[in-house]
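Q: What follows is a single structure, and I will ask about it in a moment.
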Amino acid sequence: MYIKLKSKEGKVIETKVGSCWTCVFLSFLGPLLRGDVKFFILYALLDGIGLFIALHFNENIGVPLMVFVTLLFEANYNTWFIRGKLNNGWEAETEKDREILIEKGVIKVEV
C-alpha cells in the first residue's frame, strides 16, 4: 500500500507503508536510494559489525546478526522513514493517506 507525503514547499513523494523489500534485496542501499543518510549509516554499520564478526570470530554469531538486522529493517524501515518525514514537517497529502497511516499504526491519534 502506498501513500503520498507533501512537504511545506509543495514537494510530493510516494512511499510504501509496510514491509520494505528493498532492504531485503539491496541491504543498506535501500535507505541510500531514498537519500536517508542516517539510516544508511546505521544499517551499514550494523551489517558491517555482523560481517566482521562472521569473518574474524564466529560465523554462528555474525551471520544471524546480519539476518536479524535485515529482518529488523525489512519490518520497520518504511515506518521509520515516514515518521522521520512527518517529524520534519511533511504531512499526508490527502485524508485517505492520513487514514492509512493511522490504520497501519504509523501515526497515533489521541482520543
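Q: Using a Förster distance of 22 Å, how high is the FRET efficiency between residue 45 and residue 71, based on the Cβ-Cβ distance and rounded to 0.05?
A: On the way: r = 17 Å, r/R0 = 0.76.
Computed FRET efficiency for residue 45 and residue 71: 0.85.
Q: What are the GluC sites (Glu not before Pro) within region 1-65 that DSSP puts in a loop, where the Cβ has at most 15 other Cβ atoms within 10 Å?
A: In loop regions of region 1-65 (DSSP not H, G, I, E or B), the sparsely surrounded GluC sites (Glu not before Pro) are 9.
Q: Same structure again: Determine the share of the chain's accessible area contributed by carbon and sulfur atoms, expressed in whole percent, with a 1.4 angstrom probe. It would help to have the intermediate numbers written out before the result.
A: Numbers: 4400 of 7280 Å².
Of the solvent-accessible surface of the chain, carbon and sulfur hold 60 percent.
Q: So for the chain, taking the charge dipole from beta-carbon charges (+1 Lys/Arg, -1 Asp/Glu), which of 5, 27, 80 sits furthest toward the positive end?
A: Farthest towards the positive pole: 5.
Q: Among 70, 94, 15, which one shows the biggest mean-square fluctuation in a GNM of the chain, springs joining Cα atoms closer than 10 Å?
A: 94
Q: Could you tally the net charge around residue 92, taking each other residue with its Cβ under 15 Å from the Cβ of residue 92, Lys/Arg +1 and Asp/Glu -1?
A: Result for the local shell: +4.
Q: So how much accessible area does residue 13 have, in Å² to the nearest 10, using a 1.4 Å probe?
A: So the heavy atoms of residue 13 present about 40 Å² to solvent.
Q: Let me check I've understood the local charge: for residue 66, count other residues with C-beta under 14 angstrom from its C-beta, Lys and Arg +1, Asp and Glu -1. What total comes out?
A: The answer is -3.
Q: Something else: In nm, give the distance between the simple-model label positions of residue 26 and residue 110, each being 7 Å from the Cα along the Cα-to-Cβ direction.
A: For the pair residue 26/residue 110, the computed spacing is 3.8 nm.
Q: What figure, in Å² to the nearest 10, do you get for the accessible area of residue 104 with a 1.4 Å probe and non-protein molecules left out?
A: Near enough 110 Å² of accessible area.
Q: If you wrap a convex hull around the C-alpha atoms of region 1-100 and split its volume per residue, what is the figure in Å³?
A: Values: hull volume 8.7 nm³, N = 100.
Here the figure is 87 Å³ per residue.
Q: If you count only protein heavy atoms with a 1.4 Å probe, what accessible area per residue comes out for the chain, rounded to a whole Å²? Write down the numbers at each step before the final one.
A: Details: 7280 Å² over 111 residues.
For the chain, the per-residue accessible area is 66 Å².
The values are calculated or read from the model by the stated rules, or taken from the named source; none is laboratory data. Computed from a predicted structure; not experimentally measured. All Cβ positions, even for glycine, are placed from backbone atoms using ideal geometry, and neighbour counts span all protein chains on display. Just so you know, the surface numbers come from the protein's heavy atoms only, side chains and all, with ligands and any DNA or RNA stripped out. Shrake-Rupley method; radii C 1.70, N 1.55, O 1.52, S 1.80 Å.
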